[in-house]
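Report on the following structure.
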Amino acid sequence: MPRKVKNGTKYALLIIVNFIWMFVVYRAILMLSEHYGTLIPYIICASVYLVASAFLLGFYYFSTSGETDPVKKEKYKPMLLWAFPIVTVLLLDVLEAVVLDYFINLFS
């Protein structure tokens, strides 16, 4: 007899899975960009991720801003399954590009 998975656990697992594949795609594009010696694939990928996260978070915000009914808010919850991993990947990229490089250059 299968046990029911709690809704929060399901969403957490989906966010983790989405983060993993989005991070792998982002890193593959970054390696492709370094292989060809041009920043164009990296810029395109970062731009697509940025536009997608802005669209998803904006759509979620404007769809649920006046709602008081939790059932209607629950309908838009899958938007966050896609938005949070994208935002996390972009934050990790900025952290690596700005902060980590600063400390590497500081101590070298």
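Could you please tell me which pairs satisfy a Cβ distance under 6 Å, a separation of 6+ or placement on different chains, a first residue in segment 79-108 that is over 30 Å from Ser63 (Cα atoms), and a second residue that is among the hydroxyl-bearing types (Ser, Thr, Tyr) and open to solvent by 60 Å² or more (accessible area, probe 1.4 Å)?
Nothing qualifies.
Specify the residue that is farthest from Ile43 (Cα to Cα); the eligible residues are those in segment 67-94 that are under 22 Å from the mean Cα position of the chain (by Cα) and open to solvent by 90 Å² or more (accessible area, probe 1.4 Å).
Looking at the filtered set, the residue picked out is Lys75.
Going by the conditions given, is Thr38 open to solvent by 90 Å² or more (accessible area, probe 1.4 Å) and not in a helix (DSSP H, G or I)?
It is false that Thr38 is open to solvent by 90 Å² or more (accessible area, probe 1.4 Å) and not in a helix (DSSP H, G or I).
Does segment 47-57 contain any residue that is over 13 Å from the mean Cα position of the chain (by Cα), under 24 Å from Lys73 (Cβ atoms) and open to solvent by 70 Å² or more (accessible area, probe 1.4 Å)?
No, because not a single residue in segment 47-57 is over 13 Å from the mean Cα position of the chain (by Cα), under 24 Å from Lys73 (Cβ atoms) and open to solvent by 70 Å² or more (accessible area, probe 1.4 Å).
The values are calculated or read from the model by the stated rules, or taken from the named source; none is laboratory data. All figures in this text were calculated on a predicted structure; none of them were measured in a lab. Methodologically, a virtual Cβ is constructed for each residue, glycine included, from the backbone with ideal geometry; neighbour enumeration extends over all protein chains shown. Note: areas computed on protein heavy atoms with side chains; ligands, DNA, RNA excluded. Shrake-Rupley method; radii C 1.70, N 1.55, O 1.52, S 1.80 Å.
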